[in-house]
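Asker: Next up is a structure, given as structure tokens.
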Amino acid sequence: MTFQLDSLTSNAGARRRKLRKGRGIAAGQGASCGFGMRGQKSRSGRSTRPGFEGGQMPLYRRVPKLKHFPLVNPKLYTVVNVSALNEIKSGSKVNLDSLVKQGIVTSPKNPLKILGNGTLKVKLTVQASAFTETAKNKIEEAGGTCEILN
């Protein structure tokens, strides 16, 4: 079955007639055209802009928009640089408890994170909750291993 451009028609009921508002009570949308009696929303033109709250300071202006607002649940770590691990003897296990005993960490309130500042010259097995990429590389280059704790 082929269709010609000049013989195409839309399906029955696909195209409805436009509502003619304000043309008397018999038309169904007479007088106030379904906008009620009076007020801001019954006037011609757009009623209010999006986000308008009747003069109250709108939400998009109440919310702070600056950078560097504090995180709600930040991840806090006790941080130690790789350079501080050079004082430990080679071949030993390093974790938060051993660092407190050695005096490298003084306030162990949070889990341990190893940062990559400095160089490492001793072979160590380091157990920590998190490692930076450079710290992991420097520990493994020195012949040590990195173990991530929960």
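Just so you know, all these numbers are worked out from the coordinates, no wet-lab data involved. As the structure is a computational prediction, the values presented were derived from the model and not from experiment. For neighbour counting, all protein chains shown are included, and Cβ atoms are generated from backbone atoms with ideal geometry for every residue, glycine included.
Asker: Return Asp6, Asp97 ranked ascending by Cβ neighbour count within 10 Å, so the fewest neighbours appear first.
Answerer: The most exposed by this proxy come first: Asp6, Asp97.
Asker: Run the reach check for Lys21 against lysines, Cα to Cα strictly under 24 Å, same-chain hits fewer than 8 apart removed. What comes back?
Answerer: In chain and number order, the partners are Lys41.
Asker: Compute log10 of I(q)/I(0) for region 78-148 with the Debye formula, placing one identical point scatterer on every Cα and leaving out solvent, at q = 0.11, 0.25 Å⁻¹, to two decimals.
Answerer: Computed log10 I(q)/I(0) values: -0.20, -1.16.
Asker: Ok, one more. Post the alpha-carbon centroid distance, region 105-148 to region 14-63, in whole angstrom.
Answerer: Here the answer is 65 Å between Cα centres.
Asker: Looking at this model, which pairs from Lys93/Lys136; Lys75/Lys109; Lys109/Lys138; Lys75/Lys121; Lys67/Lys109; Lys75/Lys123 are more than 18 angstrom apart at the alpha-carbon?
Answerer: Flagged as over cut-off: Lys109/Lys138; Lys75/Lys121; Lys67/Lys109; Lys75/Lys123.
Asker: On to the next question. Please give, to one decimal in nm, the separation of the simple spin-label points placed at Arg38 and Gln102, each 7 Å out from Cα toward the Cβ.
Answerer: 8.3 nm
Asker: Kirkwood Rh over alpha-carbon pairs of the chain, then Stokes-Einstein at 25 °C and 0.890 mPa s: what D in µm² s⁻¹, rounded to an integer?
Answerer: 106 µm²/s
Asker: From the helices alone, meaning DSSP H stretches of at least four residues, give me the mean residue ellipticity at 222 nm for the chain, per-run term -39500 (n - 2.57), in deg cm²/dmol to the nearest 500.
Answerer: So the calculated ellipticity at 222 nm is -3000 deg cm²/dmol.
Asker: For region 6-70, run through the trypsin sites (Lys or Arg not before Pro) and keep only the ones in DSSP coil with at most 15 other Cβ atoms within 10 Å of their Cβ.
Answerer: Arg15, Arg16, Arg17, Lys18, Arg20, Lys21, Arg23, Arg38, Arg43, Arg46, Lys65, Lys67
Asker: Which residue, chosen from Val122, Gln40, Ala27, occupies the Cα position most advanced towards the positive end of the dipole of the chain, where the dipole is computed from +1 (Lys, Arg) and -1 (Asp, Glu) charges on Cβ about the Cα centre?
Answerer: Ala27
Asker: Moving on to the next point. Test of understanding: given the chain, find the longest segment containing no chymotrypsin sites (Phe, Trp or Tyr not before Pro) that are in a DSSP loop and have at most 12 other Cβ atoms within 10 Å.
Answerer: Maximal segment without exposed cleavage sites: 53-150.
Asker: If the viscosity is 1.002 mPa s and the temperature 20 °C, what Stokes-Einstein diffusion coefficient in µm²/s follows for region 21-69 when Rh is the Kirkwood radius over Cα pairs?
Answerer: Here the translational diffusion coefficient equals 153 µm²/s.
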